[in-house]
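Asks: If you scroll down you'll find the structure; I have some questions about it.
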Amino acid sequence: MDSIVEEKIKDFLQHELHYRAYDCGTIVECINRLAQMAGHDLDERFAQAGLGAGPEARIAAGIVDRALGGGGCETSDHAMRAEINRWVRSNPRKGR
């Protein structure tokens, strides 16, 4: 896992999507788990994985792509927020 990419994702979650810093660790942990299941590290290669990584990982890859300054993917902001909220509710808190 690339620590620079991880911090960019946390900054994107806080400043663009307005999630609390306390929830960002949980969200990044879920994204990292999905990247590993798809056979990637949490880096720019996973950002381009898209639907090839699976439906849940497509949203995670879209978040990584937008955090790294890419154009995102076909995933809407509403779908991203719904999935992120599900991750926050169903996983233990990790903190920042």
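Nothing in this text is a laboratory measurement; each read-out follows from the coordinates by a stated rule. Predicted model, so just to flag it, every value in this text is computed and none were measured. Glycine also receives a Cβ, built like all others from the backbone with ideal geometry; neighbour counts cover every protein chain displayed.
Asks: Val88: net charge of surrounding residues, Cβ under 12 Å, Lys/Arg +1, Asp/Glu -1, itself excluded? Present the calculation step by step, with values, prior to reporting the outcome.
Replies: On the way: positive: Arg20, Arg81, Arg86, Arg89, Arg93, Lys94; negative: Asp23, Glu29, Glu83.
Around Val88, the charge tally is +3.
Asks: So which GluC sites (Glu not before Pro) in region 1-60 are both in a DSSP loop and have at most 15 other Cβ atoms within 10 Å of their Cβ?
Replies: Details: sites: Glu6, Glu7, Glu16, Glu29, Glu44, Glu56; in loops: Glu16.
Those that pass, being in a loop and sparsely packed, are Glu16.
Asks: A follow-up question, please. Under the classification rounded if a/c is under 1.5, otherwise prolate if a/b is larger than b/c and oblate if not, where does the chain fall, given a ≥ b ≥ c as square roots of the Cα gyration tensor eigenvalues?
Replies: On the way: a/c = 1.28, a/b = 1.25, b/c = 1.02.
Note, shape of the chain comes out rounded.
Asks: In degrees from 0 to 90, rounded to the nearest 10, what is the angle of the helix 55-67 Cα long axis to the longest principal axis of the chain?
Replies: Orientation of helix 55-67: about 80 degrees from the principal axis.
Asks: Using just the helices of the chain, give the 222 nm mean residue ellipticity in deg cm²/dmol: DSSP H runs with n ≥ 4 each add -39,500 (n - 2.57), and the total is spread over all residues, rounded to 500.
Replies: Numbers: 5 runs with 61 residues, N = 96.
Helices in the chain give a 222 nm mean residue ellipticity of -20000 deg cm²/dmol.
Asks: For Cα pairs less than 8 Å apart in space and 6+ apart in sequence, what is the mean separation divided by the residue count of region 3-90, i.e. the relative contact order in percent? If you can, show how the numbers build up before the last one.
Replies: Working: 91 pairs, mean separation 23.7, N = 88.
Taking the mean separation of contacting Cα pairs over the length of region 3-90, I get 27 percent.
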